[in-house]
Every structure is written in structure tokens, then in C-alpha cells.
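Trainee: Supplied in C-alpha cells, the structure appears directly below.
The values are calculated or read from the model by the stated rules, or taken from the named source; none is laboratory data. On a predicted model such as this, the values are computed, not experimentally measured, just so you know. Cβ placement follows ideal geometry from the backbone for every residue including glycine, while neighbour counts extend to all protein chains displayed.
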Amino acid sequence: MSNYQNLVAELIGTLEDLREKKEELKTEIYEEEEERRRIEKELEILSERLDRVNETIMRTATEKRELEKTIQETEHTKNKIVESLKTLLHVLQKESQYHIKEQ
């Protein structure tokens, strides 16, 4: 009978160990699920931030392209004005020389 009682006691001890391990695993699972929820929330926040940054980059890039176009058009117009001024100056100098010779 003593051998039987030892086996039962050993079985009960083993069951207690398994229950403790089960509780440890349950706690570990809970902690990991909490970590997963925290990471998912952070990921959601980061994803929203990334969307905002991408929108800003696109908007800024569009503004930059428009500004580059304006600069190019302004530079072209400035060059035309400079050429016109040179032509006008040349004509005025010729007219001035003509009037000086007539005097």
C-alpha cells in the first residue's frame, strides 16, 4: 500500500507542477498579448505619422516644382527685359550720336 500512496503523492505533485506551469504560461500569454496590443497601438500611431509626413512631402514637392517653374519663367522674362534694354540703349545711343552730328 505504501508504494501506491507514493505513486498517488507523486502524481499529485506532478499535477501541481503542471498547474503551476499552466499558470505561468497563462501569465506569459497575457503579458505577450499586452505587449502585442501596445505595439499595435504604436504601429497605428506611427502609420498615421508616416501618412502625414508623406502628405507633407508630396505637398512640399509640388510647391517646389511650382516655384522652380516660376523661377525659370521669371529668369526667362528677366533675360528678355535685359535684351530689350540693351536694344533700347543701343538705339538711344545711335539716336544720340545722330543728334550730336546734326548740331
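Trainee: Kindly evaluate residue 4 against the criterion of being surrounded by fewer than 10 Cβ atoms within 10 Å (Cβ to Cβ) and part of a helix (DSSP H, G or I). Walk me through it before giving the result.
Mentor: Numbers: surrounded by fewer than 10 Cβ atoms within 10 Å (Cβ to Cβ): yes; part of a helix (DSSP H, G or I): yes.
Here the answer is yes, as residue 4 does meet what is asked.
Trainee: Among (1) at pLDDT 95 or above; (2) more than 44 Å from the chain's Cα centre (by Cα), where does residue 79 come up short?
Mentor: So residue 79 meets the others, but not (2).
Trainee: Regarding residue 46, is this residue without any contact (Cβ under 8 Å) to a residue 12 or more places away in the chain, more than 17 Å from the chain's Cα centre (by Cα) and assigned to a helix (DSSP H, G or I)?
Mentor: no
Trainee: While we're on this one: Return only the number of the condition from (1) surrounded by 10 or more Cβ atoms within 10 Å (Cβ to Cβ); (2) among the hydrophobic types (A, V, I, L, M, F, W, C); (3) modelled with pLDDT under 95 that residue 50 does not satisfy.
Mentor: Going through (1) surrounded by 10 or more Cβ atoms within 10 Å (Cβ to Cβ); (2) among the hydrophobic types (A, V, I, L, M, F, W, C); (3) modelled with pLDDT under 95 one by one, residue 50 breaks only (3).
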